[in-house]
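The values are calculated or read from the model by the stated rules, or taken from the named source; none is laboratory data. The structure displayed is predicted, hence computed values, not measured ones. Positions of Cβ are generated from backbone atoms using ideal geometry, with glycine treated the same way; all protein chains shown enter the neighbour counts. Quick note on the areas: whole protein, heavy atoms, side chains included, nothing else; ligands and nucleic acids left out. Shrake-Rupley method; radii C 1.70, N 1.55, O 1.52, S 1.80 Å.
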Amino acid sequence: MRWWDIPAVLVLEHELFPEDAWSEGMFWSELAHARGPRASRRYVVAETADGRLAGYAGLAAAGGLGDVQTIAAARDQWGTGLGARLLTDLLQHATAFECAEVLLEVRVDNTRAQKLYERFGFAPIGFRRGYYQPGNVDALVMRLELAADPAGPPPVPAADPAPPALPTPSARPGTDDDHARSGTENHGALPGFENHG
């Protein structure tokens with residue numbers, strides 16, 4: 001993700017998360033930590049072949065701990081496997097950031113996203129009461145322990161093949177199944193989409 005992606009990301013952000021959408025400033029702040037030798041964030045966008053934003057995702061990393069900040073896919077991309085591909089990209093970068101584990105928060109009423117995370121090996125470890133405001137919705141906290149071998153790939157569910165005709169999430173370094181708000185109240189190339197990291 002780069003600064004010029006922010007306007008399109010904000011449109012999708014407000015469509016998918018109307019009550020607790022991130023502001024433009026929050027995205028700028030995250031991208032400020034996503035480039036250079038001290039980068040501690042990974043933000044990626046996926047675009048369709050015609051250049052339309054299909055989804056985006058982000059990871060923060062510090063002290064051996066990764067935190068999935070957000071994963072979002074446009075409604076017409078739900079059920080295509082885009083969410084799984086975005087999560088795979090984040091987990092690969094968590095390994096590159098030398099994270100031993102990855103945490104995330106997901107709305108307790110978002111069972112589609114919970115099932116996606118469970119397929120990747122995330123397990124529930126607790127709740128954050130009233131985490132999502134202003135709706136006062138609880139968050140389920142989930143954790144994934146990464147392989148001890150940093151060169152090893154992150155777990156990818158075998159039962160989730162990527163359809164060949166899909167666009168590819170674009171990776172731009174530095175900066176429900178496919179619709180999951182995670183992380184701090186809440187943000188490469190993926191097969192089938194244009195790459196913008």
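Values for this structure:
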| quantity | calculated |
| --- | --- |
| Residues of the range 53-94 that turn out to be open to solvent by 10 Å² or more (accessible area, probe 1.4 Å), closer than 23 Å to SER29 by Cβ and in contact with a Leu (Cβ under 9 Å, 6 or more places away or on another chain), as a count | 4 |
| Complete set of residues in the range 82-113 that are in contact with a Ser or Thr (Cβ under 7 Å, 6 or more places away or on another chain) and either more than 21 Å from PRO124 (Cα to Cα) or of a type in the set (Val, Ile, Thr) (or both) | VAL106 |
| Subset of the range 7-52 (residues that are more than 14 Å from the chain's Cα centre (by Cα), among the charged types (D, E, K, R) and open to solvent by 20 Å² or more (accessible area, probe 1.4 Å)) | GLU15, GLU19, GLU24, ARG35, ARG38, GLU47, ASP50, ARG52 |
| Top-ranked residue of the range 14-36 - restricted to ones that are charged (D, E, K, R) and touching a strand residue (DSSP E or B) at 6+ places or on another chain (Cβ under 7 Å), ranked as modelled with the lowest pLDDT | ASP20 |
| Cross-chain or 6+ apart pairs with Cβ under 8 Å, the range 25-40 first and assigned to a helix (DSSP H, G or I), then polar (S, T, N, Q) | GLU30/GLN69; GLU30/THR175; LEU31/THR175 |
